[in-house]
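The values are calculated or read from the model by the stated rules, or taken from the named source; none is laboratory data. Predicted model only: the values in this text are computed from it and were never measured. Positions of Cβ are backbone-derived with ideal geometry, glycine not excepted, and every protein chain shown enters the neighbour counts.
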Amino acid sequence: MVQDRLRDGTRIAQLLASELTGNRGSLATAVVVDADPGVEPTADGALAYRVALVSTPEAITRERGQTTLDETVDADLRPIASVYVQPERARIEFLVTPDIAAEAARGANLRTRPKAVEPPRTLVFVEDGAAAKQVLPVFEAVVDAVDPADSAE
């Protein structure tokens, strides 16, 4: 039996957020911030949330398998990506280490495109629900490449 592929941008972004916040490996200091639970997809992409690294691990709490930010703990956030929803896909805009993001995404068989802005960015397209897991190695490569001594943006 052939199953339909999940091609709803909002749902794909939700799956990705769940994968990111449930990860206890190298993404343990990554959190979803500025989430818009009522976001409606647009052709150009509507911002669903941002992904940031937390400078102080004590600021991260885990409840029911999900990572959240404890705002009572003083911690700096370093944005590393923004996730946008389009009607049939999600788009991730990596804000740091664009070359590493592009290489890791190509290695995961995800479609990428450079974004010619200053500083440069890499766009990664998540075109079905199964790709939400495929993009995790891209986030891991970016997190591993980020210099923790760099200041928050």
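What to note about this one:
- Pair list, Cβ under 6 Å, 6 or more apart: the range 123-141 residue within 12 Å of Ala104 (Cα to Cα) and crowded, with 17+ Cβ neighbours inside 10 Å, other residue modelled with pLDDT of 90 or more and among the hydroxyl-bearing types (Ser, Thr, Tyr): Val124/Thr112
- Here Gly9 fulfils each of the conditions (1) under 13 Å from the mean Cα position of the chain (by Cα); (2) of a type outside the set (A, V, I, L, M, F, W, C); (3) surrounded by 21 or more Cβ atoms within 10 Å (Cβ to Cβ) apart from (1).
- Only residues that are in a helix (DSSP H, G or I) and at pLDDT 95 or above were counted in the range 99-133, giving 9.
- Among residues of the range 25-51 that are in a loop (DSSP other than H, G, I, E, B), those with a Cβ under 7 angstrom from a residue that is among the basic types (Lys, Arg), sequence gap 6+ or separate chain, pair up as Asp34/Arg50; Gly45/Arg91.
One line per residue, one yes/no per condition, for (1) under 21 Å from Val143 (Cβ atoms); (2) of a type in the set (Gly, Ala, Ser); (3) modelled with pLDDT under 95:
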site: Arg5; (1), (2), (3): no, no, yes
site: Ala17; (1), (2), (3): yes, yes, yes
site: Arg24; (1), (2), (3): yes, no, yes
site: Ala30; (1), (2), (3): yes, yes, yes
site: Ala52; (1), (2), (3): yes, yes, yes
site: Arg64; (1), (2), (3): no, no, yes
site: Asp76; (1), (2), (3): yes, no, yes
site: Ala90; (1), (2), (3): yes, yes, no
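- Members of the range 14-29 found to be aliphatic (A, V, I, L, M) and over 11 Å from the mean Cα position of the chain (by Cα), listed by number: Ala28
- Pair list, Cβ under 9 Å, 6 or more apart: the range 98-109 residue in contact (Cβ under 8 Å) with a residue 60 or more places away in the chain, other residue surrounded by 13 or more Cβ atoms within 10 Å (Cβ to Cβ) and among the small types (Gly, Ala, Ser): none
- Here Gly107 does not fit the description of being surrounded by 13 or more Cβ atoms within 10 Å (Cβ to Cβ) and not acidic (Asp, Glu).
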